[in-house]
Amino acid sequence: KLLHDHCVAQTNVDESLISASVNGYLPNDRSLHCYIDCLFRTTGFIDEHGHILLADIAVILPTEAQDVIKAVTSKCSTIHGNDECETAYLTVKCYFEADPAHSMLI
C-alpha cells in the first residue's frame, strides 16, 4: 500500500488505469508508464540503465510464480522504449501478453 501510494503521488496516475490491469488490460497512458517505472525504481527492480531486473523480482515471489517469471524473462527483459517510463511499461505489457493469467499491477 505504501509503495502504491508513493508512486501514485509521484506520477498523478488515475487509479482507474491501475484498476484496469486487474482485468488483464494495461492502458497505454504516460502516467501509467511512469507509475510502473516508479514501482520498479522504488523497489530496486530496475538497473541504472533502465533495464527491468525480472530475475530479482522472481526471488520475492512464491516458488510456483518463479517458474512463470523465468519463462517470460528471456522474452521480456530486453525490451527498450524511448525512456525509462516507456521501457517499464513495454516490459510489463510483454509480461501481460506472455502470461495474462498471472499479470496485474499493485
**Item:** Flag if residue 40 is of a type in the set (Phe, Trp, Tyr) and either modelled with pLDDT of 85 or more or touching a Cys at 6+ places or on another chain (Cβ under 7 Å) (or both)
**Value:** yes
**Request:** Filter the stretch 43-90 down to the residues that are under 24 Å from residue 30 (Cβ atoms) and over 13 Å from the mean Cα position of the chain (by Cα), then identify the one that is modelled with the lowest pLDDT.
**Result:** 49
**Request:** Output yes when any residue across the stretch 77-85 is closer than 20 Å to residue 1 by Cα and buried (at least 19 other Cβ atoms within 10 Å of the Cβ), and no when none is.
**Result:** no
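For every residue, the table says whether it meets (1) farther than 21 Å from residue 2 by Cα; (2) touching a helix residue (DSSP H, G or I) at 6+ places or on another chain (Cβ under 8 Å); (3) crowded, with 19+ Cβ neighbours inside 10 Å.
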{"residue": "20", "(1), (2), (3)": "no, no, no"}
{"residue": "23", "(1), (2), (3)": "yes, no, no"}
{"residue": "28", "(1), (2), (3)": "yes, yes, no"}
{"residue": "31", "(1), (2), (3)": "no, yes, no"}
{"residue": "50", "(1), (2), (3)": "yes, yes, no"}
{"residue": "63", "(1), (2), (3)": "yes, no, no"}
{"residue": "88", "(1), (2), (3)": "no, yes, yes"}
{"residue": "91", "(1), (2), (3)": "yes, yes, yes"}
**Residue satisfying condition, being part of a loop (DSSP other than H, G, I, E, B), at negative phi and of a type in the set (Asp, Glu), within set 86, 48, 97, 64** = 48
**Message:** Going by what's in this entry, would residue 35 be described as without any contact (Cβ under 8 Å) to a residue 12 or more places away in the chain, of a type outside the set (D, E, K, R) and either crowded, with 21+ Cβ neighbours inside 10 Å or closer than 22 Å to residue 80 by Cα (or both)?
**Reply:** no
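The values are calculated or read from the model by the stated rules, or taken from the named source; none is laboratory data. Being a predicted model, the structure only gives us computed values, none of them experimental. So basically every Cβ, Gly included, is an ideal-geometry build from the backbone, and we count neighbours across all protein chains shown.
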